[in-house]
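First up is the structure itself, then whatever we jot down about it.
The values are calculated or read from the model by the stated rules, or taken from the named source; none is laboratory data. Note that the structure is a prediction, hence the values are computed from the model and not measured. All Cβ positions, glycine included, derive from the backbone under ideal geometry; neighbour counts span all protein chains shown. The protein model used for the area step is the full one, side chains on, heavy atoms only, and it has no ligands, DNA or RNA in it. Shrake-Rupley method; radii C 1.70, N 1.55, O 1.52, S 1.80 Å.
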Amino acid sequence: MLLSIHNLTVEIAGKEVLHEVNLSIDHGETHVLFGKNGSGKTTLLMAIMGFSGCRVTQGKILFKDTDITYLPISERARMGIGMSFQRPPTIRGVKVHDLIKTFNNNDDATIEQIVNSLNFTEFMERDINLGFSGGEIKKSELLQLIVQNPELILLDEPESGVDLENIKVIGKVIKKLLQKNLRRQRVKAGLVITHTGLILNYLEADKGHLMLNGMIICEGNPREMFETIQNSGYEECIRCQR
Amino acid sequence: MSALDEKARAALNKKALYGPDIDLDRFSSKSSPHEYDPELSHFSDGEKKHMAEVGILASRDERAGSFVLKDHSPIHCSMGQEGVELLTMRDALRKYNGLPDYWWKAVDVDADKYTAQASAAFHDGFFIRVMAGTKSLHPVQTCLYISGEGIAQNIHNMVIAEEGSELHIITGCTTAPHLKKGLHVGVSEFYIKKGAMVTSTMLHNWGEEIVVRPRTTVWVEEGATFMSNYVCMKMAKSVQMYPSVRLMGKNSIARLNTILVAPKGADLDIGGRVSLEATGARAEIISRTITTGGNITARGLLIGQVPDVKAHLECSGLILSEEGRIRAIPEIDGRVAGVEMSHEAAVGKISQDEIEYLMSRGLSEEEATALIVRGFLNVKMEGLPRELQDKIERVINDTGKSLF
């Protein structure tokens, strides 16, 4: 297993937000996380990444068979976990270019190619996330992920705030990030939070999980799950559980 | 005794409005004279390094003029471009019959005991005059250097930018390596005439026990621009200054940028005051301050005297240690309808969200913090020569790194 989470319980500001969550993702798999706003999806991603606001009170997170439950964020990143944020902070005075320079292992030509493919050239010299539109934020996040080249990719609503034209661009980039062009040799895995079906077309996801009140209550075929949610709402999932 | 002398004498014990009061008798107004250095070749490698730290090259290349005042002696004064006149202040007073239209006109001699001392025990200073329409191709560099232990350096500088001229001045103030105690009093009067543009970049690199009291006033005429960049990122016991800019002509512009880092034991009380006195005048005051244990007071004042003026004031501070204090005091004084002035002030620590965001890209906590600090101090300074911009960026980089 690339990632396996066992009985993970997480508190934010003294309040238990995740309750005994179990989840496993193998190399090459893409999983989708469904759930209402406030159900704990982002908290799960942040707990995997290791944000200090998410305090683990029980359970553990294994990545490549190593217990990372209490490792610093940067070490998890270096081990191969990367995250695209829904609302990343603005960092004044630091240009996107400056940040990318600090963790880039690619040559300049490759970077330029990636930047061009995202149509992001003019944003390289702007302060990180300062005055970025929804679509620009997502592009900037994906650009950083491509350069970072993680094995496990955590995407928090990669399509929110993005117009239809750019959904295509973003969808294609995500597809590439997750090595959807490869079959047998595919190693990269993803865990993606989404509310719309738009990005599902690009994800070719293997498995869906439904989160409710900080618990994963259902797993299944992501397309079927999405259709049920779309047609009957989350209420149907709750009824189904009973 | 002249009226000026009388005024100065009467103010010799007048405390300044801000900053700790300094006992001037603790410093000596006398020093042994230094030999003139026509080729800037008399400096030791250590001295050269200190000067380079504040943007002063020990060569005259790529400079429209060079001036070095060591303790009380002007040891170098050379011009490098036609139309850019650079003299010692004493020579200029002789040449221009005492400069009656300028000498002590912008700065009040009895403002406080420091201005009074600068007059009563005047040593020397630099005088720059750029002729009408002349644009300086390279900056003029001026270095105010203290090498004698415990001395007071009383300086009076003047800059006159005639109509339509352009000038960039780099002023580097520093001390000899290992110097402990000293006092620098520097009066500067700037006269920027119609359509002229002056950029003044000042880098300070003082020592443990150095006290600094600059007193600057700038008069800006119609369509003229004054830009000031002040950088002080090293130890100084006490610096207090509150340069004042009067935008006296229509559509005149002032922009003041300040970057400060106060290590433990430093006390910096730095401000900027702009009075907008003619329609169309615009001003911007920006300060970025960091304390790693020292005290900072970041002041700013915008005075809107007439309608149709626009100004903005920004004081941001980061407290990066348990000790240390930053007081941001932005002030706006609108005296008529039709002014448009705003300010924002913020003092805090680096946000954990920002650090962790960068850590999620694989940066360590230290690297993330250093990058954020660098970004914070990275104020856009227009019109800097490349080499000076690089210099400042390097110092900012080192500051980011040295915090951990």
Rounded to the nearest 10 Å², the accessible area of A:F103 at probe 1.4 Å: 20 Å²
Share antiparallel - DSSP beta bridges, segment A:3-241, percent rounded to 5: 55 percent
Rg to Rh quotient for the protein assembly as shown, alpha carbon positions, Kirkwood Rh: 1.09
Relative pair counts by distance (%), Cα atoms of chain B, 20 Å bins: 28, 60, 12, 0
Mean residue ellipticity (222 nm) of the protein assembly as shown, computed from DSSP H runs ≥ 4 via -39,500 (n - 2.57), nearest 500: -7000 deg cm²/dmol
B:I253 accessible area, assembled protein chains, probe 1.4 Å, Å²: 40 Å²
Beta bridges by DSSP in chain B, antiparallel share as percent, to the nearest 5: 10 percent
Contact order relative to length of chain A, as percent, for alpha carbon pairs under 8 angstrom and 6 or more apart: 26 percent
Rh by Kirkwood over Cα pairs, then Stokes-Einstein D for segment B:242-349 at 0.692 mPa s and 37 °C, µm²/s: 234 µm²/s
Cβ-defined net charge surrounding A:G233, 11 Å radius [Lys, Arg +1; Asp, Glu -1]: 0
Fraction of beta bridges assigned by DSSP in the protein assembly as shown that are antiparallel (%, nearest 5): 20 percent
Rounded accessible area of B:C173 (nearest 10 Å², 1.4 Å probe): 0 Å²
Scattering curve values for segment A:1-149, log₁₀ I(q)/I(0), Debye with Cα scatterers, q = 0.10 Å⁻¹: -0.41
Percent accessible area from carbon and sulfur atoms, the protein assembly as shown, protein chains only, probe 1.4 Å: 47 percent
Unsatisfied cross-links (Cα-Cα over 26 Å) in the set A:K60/B:K349; B:K105/B:K181; A:K15/A:K175; B:K193/B:K310; A:K95/B:K194; B:K49/B:K105: A:K60/B:K349; B:K105/B:K181; A:K15/A:K175; A:K95/B:K194; B:K49/B:K105
